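The structure appears below as structure tokens.
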Amino acid sequence: MTAATSTVGRNRWLSASTWRNLLRDYPLVPLTILLVLLVVLADILQPGLVNPGWVTSAVRQAAVLGILAGCQTLTMLTGGIDLSVGFVASMAGFVTATFVHQPGGWPMGIAVSLGAAALAGLVSGIGVGIFRVHPLIVTLGMGLVVFGFANVWQLQSVQTGSGVPIEIRTIGSGTLGALPNDLLVFVPVAIVLLLLLKRTGYGRMLYAIGDNPIAARLSGVRSWQVLVVLYALSGVLAGIAGLVQSGLSNTASVTLVQPYLLPSVAAAVIGGTSILGGRGGYSGTIVGALILTVLASVLSIVLPEPWRQVVFGSIVVLVAATYARLTAES
Amino acid sequence: MTLTTSTDMLLEATDVSKTYGAVVALHNASLAVRPGEVHALVGANGAGKSTLVKILTGAVTPDSGRIIVRGRERKSHSPAEARRNGLVSVYQEPAVIPDLDIRENLRLTHTPVEPFRHWMNELGVENLNLSSLARRLPLATLRIVDLAKALAIEPDVLLLDEITAALPANLTERVLQNVQQLGEDRSVIFISHRLIEIAAVCDRATVLRNGETVGVVDVAAGSEDKIVNLMLGEGATALAQREGGHVTAAARSHQTPRLSLLGMSARRRLHNASFELYPGEVLGVVALEGQGQDELFDVLAGSERPSSGSLLVDGKPATFHHPADAIRIGMVYVAADRAEALLMQRSVRENISLPFSARIPQWGWINLGREKHKVDEAVNTLQIDARAGAEVRRLSGGNQQKVTIARWVASGVKTMLCFDPTRGIDIRTKNQIYVLLRDLAAAGAAVLLYTSELKEIQLACDRVIVIFGGEVVAEMPAAQASEAALLRAAHNLKPDSALPEEVAAAATGDMSAVQAAIDSQSTTVSQR
């Protein structure tokens, strides 16, 4: 705005600060453009790739990633993170599978596994909220504790035999017309999270604690209450994601979902949620999860496996860093 | 100490300016220190003293101005560089690393040990074991260690910032004695809120007001009044009196106070404070920096628990474990630091409605219509310009401050605790805030208003209390609270009294009288 020439009008339209404001205020717009570009790129690289089957498989993977990224979105909004989601989700899928030949069957399995996931989250929440240990440490440790217990359970249940229940397989890999069944899980979860963040007092508290814990405290917010509930909720969400993933892959393993851990953080960051807290939302995260899924698919066309990971990781870091830089200061 | 008429200054700072955003902290301030003199730097809160000190010691870079030490211009970009340039400072808080022993602390600052020992003895702390951990030593000893450390490297200019605060009487005396006898070659810049000490040890005083040097006073008998008048400036007498609405003392006697504090102490600074706050009044609080007012507000807001004393709210004892406890009974706190009170990345609406959702029963569905109604009402009441309301950090400082107040106006308030709410905001917004506080009081709320701007007392308050050394030392109706009266009370001087005789004598150079003066002053302080 300093120049007084006739080019001001055009410059303003193209100026860095305009783009910065656009990215900050409407992150969904550039993210959606990026997603569309990636899909077009995929179709150019391998004509005919983008067909209903490919869309179904992409949406399937994005659904699991999206739910896990929901855990990260909620915790990151408060300035935290949940690194236990990989092991908690794997545990949930595995425990449910071990109940298939037990009295109570799969419904009992789901109840036990989600209860265990909630309990793990609750303990993390107590560590973060009441004992004020950094969430990175607490959830990393809790993830290992859950992994350990899952292994113990594995040894206990090796005689009884296990298998992913048919009902879970139907959710994870069946289709309803062209649409994958796991949308039946993902869409309600997404709606709940979107409304939770936008329209409830609890959602406001997540943003408040992440933006300025001192201000929240001075306004009468007891942040430990918010945090204990938050990590328990994150545990349950991770458990749900684990069930969907075990149905999708028809596998029950205590490390099944672990590879999704870092992409779940990346999806939330790319979706515009600040790791420092107070800024972001779930709609961006959903698009972020789709972008990562499509990106992985594009890279699998052009690169051999080891290089794919190098490039995938680099792109994630690059996009996240660009985004953080653009939105950092007003 | 006799002074020559020499004009070669040891240290000369000229035309020093510094602005922080829209706030002018220093505007062409100057300071000239003669060799061998003890030079006081005085000014009311916010006059620019601390900014000038930070510039001299290299902690802050000035926007313009020159600093000349021994005839050469010096530019210090860090405290370490200022040290090499011959300017060493000793602050209120001890500058030692608690987990190192004294010898290691000395090595850290390249302080020679023998001179250090010599000065420790001179300052009255003998036989200090250099191998003892700094954290094991009493605070008073650490302050002496700091001073000896500074003296040991033989600085040209020694800057003492409130060095005597919280020193026991005998050590204060030794310190002041040594400060006075530093010799012809060395100068001291002495900062203290205690005008009596300044009268006793200083040769000259530079007075700052609103970021400008308004006068340099030769300290002699009676110069205390001159200093106070310079700090006040002209026009201090011409103040518009506010009309009506006062709660008379007679009316108060029939009421239960909203708040009564009895012998409240907290942390190190608040000692035995007692006062009452009645419904329908705005009670002003005046204090120099660091007299316990921060602790007082922290206790009342529920952020800090008192170490002793009791608090009655509407006649019933109250204990707060968390700000939520205070808020529940209608006691709300407006912080001075807006960065402490606001969610900078969130909207005006979310900031104002923040307390609505604080408690678990309120975590559910938000009735957006009702919320909007309440928020809009508060925005209108405070005339907040919320055009840039998507993120509070894009608002002006005045509008941000209004948001912090609007939050409590919207959720209903019985007792409002305002800590310097008008700091650094424009005059129009200030007036709006005064009107709002008056309106709140008229509607039956009780308002406690700490302010660093003395003229606000008569503009907004019914009554005022003055805190010194952690205790309420004066109380007066706002009508009598002229800036001069408040400033005297804030320095714990009796109203309209001349200097105590012994201090007046001290200023003329009689050393035994100096000690008597210091003793009497110190005893009064320590008796508290």
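Take the residues in region B:143-193 that are outside any helix (DSSP H, G or I) and β-branched (Val, Ile, Thr); name whichever of them is modelled with the lowest pLDDT. Before you say what the answer is, go through the steps one by one.
At the first step, the residues of region B:143-193 found to be outside any helix (DSSP H, G or I) are B:153-168, B:181-193.
From the residues that got through so far, the ones that are β-branched (Val, Ile, Thr) too are B:153, B:157, B:163-164, B:188-189, B:191.
Details: B:153: 86, B:157: 89, B:163: 80, B:164: 76, B:188: 91, B:189: 92, B:191: 88.
It comes out as B:164.
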Q) If only one of A:323, A:282 is under 27 Å from residue A:196 (Cα atoms), out of contact with any Asp or Glu (no Cβ under 7 Å at 6 or more places or on another chain), modelled with pLDDT under 85 and more than 14 Å from every other protein chain (Cβ to nearest Cβ), which one is it? A) A:323
Q. Is one or more of the residues making up region A:186-201 in contact with a helix residue (DSSP H, G or I) (Cβ under 9 Å, 6 or more places away or on another chain), more than 10 Å from chain B (Cβ to nearest Cβ) and closer than 23 Å to residue A:99 by Cβ?
A. yes
Q | Pair list, Cβ < 7 Å and 6+ apart or interchain, from region B:181-200 residues that are within 16 Å of residue B:216 (Cβ to Cβ) to residues that are assigned to a strand (DSSP E or B) and of a type in the set (Gly, Ala, Ser) | A | B:190/B:40; B:198/B:40; B:198/B:205
**Q.** Any chance residue A:295 is more than 14 Å from chain B (Cβ to nearest Cβ), open to solvent by less than 20 Å² (accessible area, probe 1.4 Å) and outside any loop (DSSP other than H, G, I, E, B)
**A.** yes
Q.
So, in region B:396-415, how many residues would count as being of a type in the set (A, V, I, L, M, F, W, C), within 11 Å of another protein chain (Cβ to nearest Cβ) and either in a loop (DSSP other than H, G, I, E, B) or open to solvent by 10 Å² or more (accessible area, probe 1.4 Å) (or both)?
A. 0
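Which ones in region B:19-42 are on the phi > 0 side of the Ramachandran plot and either open to solvent by less than 20 Å² (accessible area, probe 1.4 Å) or assigned to a loop (DSSP other than H, G, I, E, B) (or both)?
First, pick out the residues of region B:19-42 that are on the phi > 0 side of the Ramachandran plot: B:21, B:28, B:36.
Matches in region B:19-42: B:21, B:36.
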Q.
If I filter region A:144-163 down to residues being touching a helix residue (DSSP H, G or I) at 6+ places or on another chain (Cβ under 6 Å) and modelled with pLDDT of 85 or more, which single residue comes out as nearest to residue A:119 (Cα to Cα)?
A. A:146
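Only residues that are assigned to a loop (DSSP other than H, G, I, E, B) and either within 14 Å of another protein chain (Cβ to nearest Cβ) or open to solvent by 50 Å² or more (accessible area, probe 1.4 Å) (or both): list them for region B:372-384, please. Even if it seems obvious, please write down each step before you answer.
Just the residues of region B:372-384 that are assigned to a loop (DSSP other than H, G, I, E, B), to begin with: B:382-384.
Within region B:372-384, just B:383 meets the criteria.
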Q) What is the residue count in region A:130-170 for residues that are within 18 Å of residue A:64 (Cα to Cα) and surrounded by fewer than 20 Cβ atoms within 10 Å (Cβ to Cβ)? A) 3
**Q.** Number of the condition not met by residue A:267 [criteria: (1) modelled with pLDDT under 95; (2) over 20 Å from residue A:66 (Cβ atoms)]
**A.** (2)
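Is it true that residue A:137 is at pLDDT 95 or above and assigned to a helix (DSSP H, G or I)?
Working: at pLDDT 95 or above: yes; assigned to a helix (DSSP H, G or I): yes.
Yes; evaluated as a whole, the condition is true for this residue.
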Q. Would you say residue B:487 is touching a helix residue (DSSP H, G or I) at 6+ places or on another chain (Cβ under 7 Å), farther than 29 Å from residue B:378 by Cα and part of a helix (DSSP H, G or I)?
A. yes
Q. Can you pull out the residues in region B:316-337 that are more than 25 Å from the chain's Cα centre (by Cα) and at the interface with chain A (Cβ under 7 Å from one of its Cβ atoms)?
A. B:322, B:324, B:327
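Listed residues B:427, B:405; which is out of contact with any helix residue (DSSP H, G or I) (no Cβ under 6 Å at 6 or more places or on another chain) and at pLDDT 90 or above?
Numbers: B:427 fails: at pLDDT 90 or above.
Among B:427, B:405, only B:405 is out of contact with any helix residue (DSSP H, G or I) (no Cβ under 6 Å at 6 or more places or on another chain) and at pLDDT 90 or above.
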Q) So residue A:97 fits all but one of (1) among the aliphatic types (A, V, I, L, M); (2) in contact with a helix residue (DSSP H, G or I) (Cβ under 6 Å, 6 or more places away or on another chain); (3) surrounded by 24 or more Cβ atoms within 10 Å (Cβ to Cβ); what number is the exception? A) (2)
Q | Every residue from region B:92-113 that is over 27 Å from residue B:290 (Cα atoms) and without any contact (Cβ under 8 Å) to a residue 12 or more places away in the chain | A | B:104, B:107, B:108
(Q) Can you name every one of the helices (runs of 4 or more DSSP H) wholly within region B:43-131 that holds 1 or more residues which are surrounded by fewer than 16 Cβ atoms within 10 Å (Cβ to Cβ)? (A) B:79-84, B:102-108, B:113-122
**Q.** Every residue from region B:338-371 that is within 7 Å of chain A (Cβ to nearest Cβ) and aliphatic (A, V, I, L, M)
**A.** B:341, B:342, B:343, B:344, B:354, B:358, B:360, B:366
Q. Mind checking whether some residue in region B:69-90 is β-branched (Val, Ile, Thr) and over 20 Å from residue B:180 (Cβ atoms)?
A. yes
Q: Within region A:97-109, identify whether any single residue is closer than 29 Å to residue A:296 by Cβ and at pLDDT below 95, and answer yes or no.
A: yes
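Give the residues of region B:470-489 that are within 21 Å of residue B:47 (Cα to Cα) and surrounded by fewer than 22 Cβ atoms within 10 Å (Cβ to Cβ), sorted by residue number. Explain how you work it out, then say what you get.
Residues of region B:470-489 that are within 21 Å of residue B:47 (Cα to Cα), as a first pass: B:481-489.
Those that are within 21 Å of residue B:47 (Cα to Cα) and surrounded by fewer than 22 Cβ atoms within 10 Å (Cβ to Cβ): B:482, B:484, B:485, B:488.
The values are calculated or read from the model by the stated rules, or taken from the named source; none is laboratory data. Please read these numbers as outputs of a predicted model, since none were measured by experiment. Note that we place each Cβ from the backbone using ideal geometry, even for glycine, and neighbour counts take in every protein chain shown. Note: areas computed on protein heavy atoms with side chains; ligands, DNA, RNA excluded. Shrake-Rupley method; radii C 1.70, N 1.55, O 1.52, S 1.80 Å.
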